[in-house]
Amino acid sequence: MTRSVTRSAFRLAPLLAATLILSCCVAPEREQAPETTPVAVRPAPTPQPTPSPTPTVELSGEWTEWPASAGEWIYRQDGRGSIALFGMANEDAELTLRCDRNARRIFLTRAGAANTPVPLTIRTTSGAQSFTAQPTGGELPYLGIALAPTDMILDRMIYSRGRFLVDGGGAPLVVPSWPEIARVVEDCRA
């Protein structure tokens, strides 16, 4: 009987060895991590874009060839009369033309700061006219001149070939000659 037990053990030995080898290949069960409350992760702050500096343009040659200043004209009426504003949308106006009906005057103001009066020249395709602009003293720094509704510079601005120049009190403004200017002037002449 010992022989048959030994033979049986030899027959089972390869089977036991194979079972032992296969049991080594099975991955052990992983321990589960204890449940935790999720922690809110803050997103990384979004970097704010830095405004690129406004390129300075070298202005030389004839002013009629200079690039136009950025912006558009907008016309409005209010209790005092009417106003045309030139500039970029949602920003303070660079240039305004206001008809004050009660005073029978047209006020031209441009953005710019000064403590004393400064020279201001308006150039059109039919000529130039110089003025002395006064600080307006308002909340925003503006320089202004008062004109009679019949002043010829207003007609020159209206009929200038596509643009006119306001020079003084800041960087030159090359402004398009749009109908909003004529509307303000007509309002004061009526």
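Every number in this text was worked out from the coordinates using simple rules, so none of it is lab data. None of these values were measured; they are calculated from a predicted model. Using ideal geometry, Cβ is built from the backbone for each residue, glycine included, and neighbour counts are taken over all protein chains shown.
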If you stretched the chain out fully between Ala114 and Arg189, how much longer would it get, using 0.36 nm times the residue separation minus the C-alpha to C-alpha distance?
-> 23.9 nm
Under a plain spin-label model, where a point goes 7 Å from the Cα along Cα-to-Cβ, how far apart in nm are Gln77 and Thr64?
-> 3.5 nm
Could you tell me which trypsin sites (Lys or Arg not before Pro) in segment 60-138 are loop residues by DSSP with no more than 16 other beta carbons within 10 angstrom of their beta carbon?
-> Arg80, Arg101, Arg104
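Rounded if a/c is under 1.5, else prolate if a/b beats b/c, else oblate: with a ≥ b ≥ c from the C-alpha gyration tensor eigenvalues square-rooted, which is segment 71-189? Mind dumping the intermediate values first?
Numbers: a/c = 1.22, a/b = 1.07, b/c = 1.14.
Taking the square roots of the gyration eigenvalues as a ≥ b ≥ c, segment 71-189 is rounded.
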Compute the signed sum of charges (Lys and Arg +1, Asp and Glu -1) over the other residues within less than 12 Å, Cβ to Cβ, of Gly81.
-> +4
